[in-house]
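Working notes, beginning with the structure itself.
The values are calculated or read from the model by the stated rules, or taken from the named source; none is laboratory data. Just so we're clear, the structure is a prediction, and the values are computed from it rather than from any experiment. Ideal geometry is used to build each Cβ from the backbone, glycine not excepted, and the neighbour counts take in all protein chains shown. Note: areas computed on protein heavy atoms with side chains; ligands, DNA, RNA excluded. Shrake-Rupley method; radii C 1.70, N 1.55, O 1.52, S 1.80 Å.
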Amino acid sequence: MAERGRPKKERPQLAKAPVQFDEDDEFGLTKMQAAFVWHYTKGGCGQTEAARRAEFSFPAMSASKMMNGRDFPNVIKAVRAEQEELRQKFAITPEKTGAMLWKIAETSFESGAYNAAVSAVKELNQLAGLTIQRSQNLNINANLDSMTKKEIKSRLNELLGVSDEMKDSDV
């Protein structure tokens, strides 16, 4: 009998799943629960597909029970712990960004891609705080047609916080 509905697109697995899952003593998980947690956090799939790959009989219902926080609170704790571990592993930190930009600058320069090398060095300088990019938007409600050149200059200086009057200390 042919399957009904639209055909499911086969998704590549992001990480190679272990051949066998062991019980997790830290969180008190069974083998199937440990498999569910791995597939859900590292397998790149949703909760129902994770339950299916962990070989639960009724994957949608099992996944719902696993993730509701009431029936199996240790599964939720294990999922959160894995997600936090992944967050820290792949976090974007200034150190990682700097190392990556330095590597890009070196390899780009060596291969003759000077524009990419200059861009990487520019980004490194901004990351280190050596360059600051400033922009300022001003909303000016004035009718320039009716203002003289001197009035426009005076108004701009006022908006920018610059004094147009000479002081004794300026001389």
- [ ] Under 6 Å between Cβ atoms, at least 6 apart or on separate chains: pull out the pairs that start in region 109-130 with a residue that is over 21 Å from GLU95 (Cβ atoms) and among the aromatic types (Phe, Trp, Tyr) and end on any residue that is open to solvent by less than 50 Å² (accessible area, probe 1.4 Å) and assigned to a helix (DSSP H, G or I).
- [x] PHE109/ALA117
Task: Residues located in region 123-150, provided they are open to solvent by less than 100 Å² (accessible area, probe 1.4 Å) and modelled with pLDDT of 85 or more - done: GLU123, LEU124, ASN125, GLN126, THR148
Task: Residues of region 42-53 satisfying the condition of being surrounded by fewer than 19 Cβ atoms within 10 Å (Cβ to Cβ) and not basic (Lys, Arg) - done: GLY44, CYS45, GLY46, GLN47, THR48, GLU49
Open item on the list: For region 64-103, which positions are more than 21 Å from TRP38 (Cβ to Cβ) and either acidic (Asp, Glu) or open to solvent by 70 Å² or more (accessible area, probe 1.4 Å) (or both)?
Closed with: ARG70, ILE92, PRO94, GLU95, LYS96, MET100, TRP102, LYS103
- [ ] State whether the residues of region 113-121 include one that is modelled with pLDDT of 90 or more, part of a helix (DSSP H, G or I), closer than 14 Å to TYR40 by Cα and open to solvent by 40 Å² or more (accessible area, probe 1.4 Å).
- [x] no
- [ ] Could you list, in sequence order, all residues of region 54-63 that are open to solvent by 60 Å² or more (accessible area, probe 1.4 Å) and either in contact with a strand residue (DSSP E or B) (Cβ under 7 Å, 6 or more places away or on another chain) or aromatic (Phe, Trp, Tyr) (or both)?
- [x] PHE58
